[in-house]
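The values are calculated or read from the model by the stated rules, or taken from the named source; none is laboratory data. Quantities reported herein were computed from a predicted structural model and do not represent experimental measurements. As a convention, Cβ positions derive from the backbone with ideal geometry for all residues, glycine included, and neighbour counts pool all protein chains shown.
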Amino acid sequence: MLHTDRTGDLVDFAVKAVDDDQRIITGIASTPRPDRMGDVIDPLGATFTNPVPLLLGHDKNLPVGEVTFGAPTPDGIPFTAMLPRIPDPGPLQERVDGAWQAIKARLLKAVSPGYRALREAITPNAFGGCNFRRTEFLELSLVTVPANADATITTYKAASPLDTNPMTTIQEQITHWTSERAPLVTRMTEMLSPDKTLGEVEQKQYDELAERVAAIDAQTDRLRVLEKANVAKATPLAPTVPGPAKAFSSIRVAPTTPPGTAWIRAQCARIVKKGSDHEASLYAEQRWPDMPEVALYLKAAVAPGTTTAAGWAPELTQPRIVEEFVELLRPVTAIGKIGLYKVPFNTKIPTQTGGGTYGWVGEQKPKPVTKLTFSSVTVPYHKTAGIVVITEELARLSSPSAEDLVRRDMIAGITTFVDAAFIDPPKAAVANVSPASITNGTTPITSTGPLGDLVAIANAMVAANMPIQNLTYIMSPSNAYVLSFQKNANGIPTFPDLSANGGSVNGMKVVTSGAAGTNVIGLIPELVLYADDGGITVDVSREASLQMSDAPMDPADATTVFVSLWQNNCVGLRAEWFITWLKAIAGCCRYVSGATYTVPAGQLLEAPAATSKKGNGA
């Protein structure tokens with residue numbers, strides 16, 4: 001039967017939130033609190049099939065929306081109701097719009113469910129009414145007079161999120177779902193008591209409860225997996241030194257300039273002011289007021305420290321604009337792309353040079369005693385240097401386009417220098433000056449073609465007992481670009497994950513560098529030690545005469561051509577970067593020489609034949 005009390009509104013209700021844009025309200029449709037007639041509805045005994053109609057005053061001819069009931073809990077049954085926007089004028093639009101206005105004006109403060117109660121599940125209670133232990137919810141109605149004095153709107157939010165207290169952490173979500181699961185399991189246990197069997201309605205309800213529990217368990221498992229993943233990738237916070245709270249006198253919104261712009265502007269200011277950092281700082285304050293860190297970087301710290309001061313003045317702290325440029329540079333160089341094993345300068349690094357002895361042992365036979373052989377390598381200080389030449393006019397203009405040109409030019413210059421030193425086979429070590437390239441002293445493999453070259457490098461690594469799980473290839477952008485076009489006999493790309501910017505070949509990483517030329521290099525990244533100090537030192541000169549070459553003659557002879565910066569109105573930026581590398585094990589790098597890849601003739605794309613079009617007229 002469909003059961004309601006004399007006023008047509010039975011249960012306690014409170015709207016939690018209202019979304020004015022989507023016309024959505026949420027709240028509790030039923031609670032175990034006795035209504036004005038003394039009737040009690042057991043929330044855990046309610047069944048329903050979502051969605052159900054949202055009516056006005058239990059009148060089936062006056063629908064105004066749709067309702068979705070949530071999972072029942074011991075405290076009640078939550079719901080979400082939506083009143084649609086009706087585009088066409090007429091009685092329906094007026095009724096739905098009027099209902100929504102009444103909700104916002106707090107004229108409709110409560111709801112009442114229309115439900116069917118099972119007679120065998122109805123028992124008298126001490127409140128003068130009945131306990132309804134099994135019910136089927138058929139609809140939900142908006143009503144004016146609540147059956148309970150507490151059934152009023154407690155929170156009203158127009159055009160706001162529905163959840164006023166969202167779960168923000170994974171642990172909070174796990175706690176929420178765990179607490180929601182417990183009463184459901186309790187109810188399922190009660191339903192399967194030994195002294196009774198389940199009827200058709202009870203079986204349906206039990207299945208729904210079981211399905212809900214399974215869904216909660218799956219969600220909880222997903223959250224726990226995510227929690228473990230977050231813990232695994234978490235990094236410890238640096239310890240902080242207790243002290244007085246810092247007061248902030250102003251808040252500045254940083255401009256959205258490309259990384260490295262501050263460092264480039266500092267160098268341009270030095271050029272304009274003839275190398276005087278003090279004058280360059282004043283120039284930067286006027287030229288770039290939206291980026292005060294440039295002037296701060298150039299400003300000399302002239303205030304002395306005292307024995308009474310708690311610390312140096314915060315305004316004298318140098319901003320980290322050099323590190324910003326270095327971080328911009330690293331992903332461009334081959335070293336930055338590969339991801340080598342980074343270590344400190346002048347620190348001994350242990351390496352294993354020999355393994356133990358192992359063999360089969362019979363019953364009651366002595367086992368061989370084995371040992372491991374270790375050595376150590378030290379990564380010394382070395383510095384890489386490069387000179388970038390720009391015009392005086394370019395430095396003075398320093399507009400966004402000019403800054404971008406300077407930044408790209410310096411990155412290209414330093415990148416070319418570093419990459420050539422890193423992988424150029426003739427580059428031998430110079431004591432206390434520079435490291436050898438990783439390919440220096442390695443016997444090259446003659447190129448036989450793309451697949452043959454890659455396999456030959458891998459085979460050479462395996463033969464030297466090198467682990468090739470992380471084998472990384474370095475090749476020129478042109479060779480990688482050509483390989484990206486190659487197809488097999490079925491027209492499928494042979495290297496689908498490869499482009500001029502690099503990629504992978506059968507899971508092996510490929511890095512591109514113009515310095516590779518016709519060489520294809522293979523290395524084990526974790527066996528190449530790398531160190532840098534994270535900073536770049538820049539000197540500026542207008543008077544120097546330079547060999548305009550990326551391989552200057554040393555020593556210079558009579559044929560050497562020098563270009564005067566002063567005569568040509570140019571400025572030289574000499575950048576020095578303390579950076580070095582060292583192979584931990586000699587066999588961790590092999591390379592193929594003479595690799596100049598081409599697309600097979602049959603795979604070249606031909607231009608379509610020209611066609612002519614004629615009009616319909618004569």
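Right, residue 92: modelled with pLDDT of 85 or more, outside any loop (DSSP other than H, G, I, E, B) and touching a helix residue (DSSP H, G or I) at 6+ places or on another chain (Cβ under 6 Å) or not? The answer is no for residue 92.
Results for (1) surrounded by fewer than 14 Cβ atoms within 10 Å (Cβ to Cβ); (2) outside any loop (DSSP other than H, G, I, E, B); (3) among the charged types (D, E, K, R); (4) modelled with pLDDT of 85 or more, shown as yes or no for each residue.
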| site | (1), (2), (3), (4) |
| --- | --- |
| 120 | yes, yes, yes, no |
| 128 | yes, no, no, no |
| 137 | no, yes, no, yes |
| 151 | no, no, no, no |
| 172 | yes, yes, yes, no |
| 188 | no, yes, no, no |
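Of the strands (runs of 3 or more DSSP E) entirely within region 460-576, those holding at least 2 residues that are at pLDDT below 90, over 30 Å from the mean Cα position of the chain (by Cα) and surrounded by fewer than 17 Cβ atoms within 10 Å (Cβ to Cβ) occupy 528-541. Here 49, 73, 123 are screened, and the one residue that is touching a residue at least 12 places away in the same chain (Cβ under 8 Å) and either out of contact with any Asp or Glu (no Cβ under 8 Å at 6 or more places or on another chain) or closer than 23 Å to residue 32 by Cβ (or both) is 73. Going by the structure shown, is residue 68 more than 29 Å from residue 127 (Cα to Cα), free of Cβ contacts under 8 Å to residues at least 24 places away in the same chain and under 40 Å from the mean Cα position of the chain (by Cα)? Spelling it out, residue 68 is indeed more than 29 Å from residue 127 (Cα to Cα), free of Cβ contacts under 8 Å to residues at least 24 places away in the same chain and under 40 Å from the mean Cα position of the chain (by Cα). The residues of region 222-277 that are within 30 Å of residue 392 (Cα to Cα), small (Gly, Ala, Ser) and modelled with pLDDT of 75 or more, listed by number, are 262, 266, 269, 276.
Just the residues that are touching a strand residue (DSSP E or B) at 6+ places or on another chain (Cβ under 7 Å) and in a helix (DSSP H, G or I), please, taken from region 447-457. 453, 454, 456, 457 - these are the residues of region 447-457 that are touching a strand residue (DSSP E or B) at 6+ places or on another chain (Cβ under 7 Å) and in a helix (DSSP H, G or I). For beta carbons closer than 7 Å, sequence separation of 6+ or different chains, a first residue in region 263-289 that is outside the structural domain of residue 543 (by TED's automatic domain parsing) and in a loop (DSSP other than H, G, I, E, B) and a second that is of a type in the set (Lys, Arg) and surrounded by 16 or more Cβ atoms within 10 Å (Cβ to Cβ), the qualifying pairs are 288/265. Filtering region 76-89 down to residues that are touching a residue at least 60 places away in the same chain (Cβ under 8 Å) and assigned to a loop (DSSP other than H, G, I, E, B), which residue is surrounded by the most Cβ atoms within 10 Å (Cβ to Cβ)? Applying the filter and picking the extreme gives 83. Restricting attention to region 63-118, the residues being among the aromatic types (Phe, Trp, Tyr) and either in contact with a Cys (Cβ under 9 Å, 6 or more places away or on another chain) or over 27 Å from residue 205 (Cα atoms) (or both) number 1. Taking the stated definitions as given, is residue 584 in the same structural domain as residue 531 (by TED's automatic domain parsing), out of contact with any His (no Cβ under 8 Å at 6 or more places or on another chain) and either more than 30 Å from residue 263 (Cβ to Cβ) or at pLDDT 85 or above (or both)? Taking the combined requirement at face value, the residue satisfies it. Number of residues in region 191-218 that are closer than 19 Å to residue 43 by Cβ, surrounded by fewer than 16 Cβ atoms within 10 Å (Cβ to Cβ) and acidic (Asp, Glu) equals 2. Would you call residue 597 touching a residue at least 24 places away in the same chain (Cβ under 8 Å), closer than 28 Å to residue 475 by Cα and in a loop (DSSP other than H, G, I, E, B)? Yes, satisfied.
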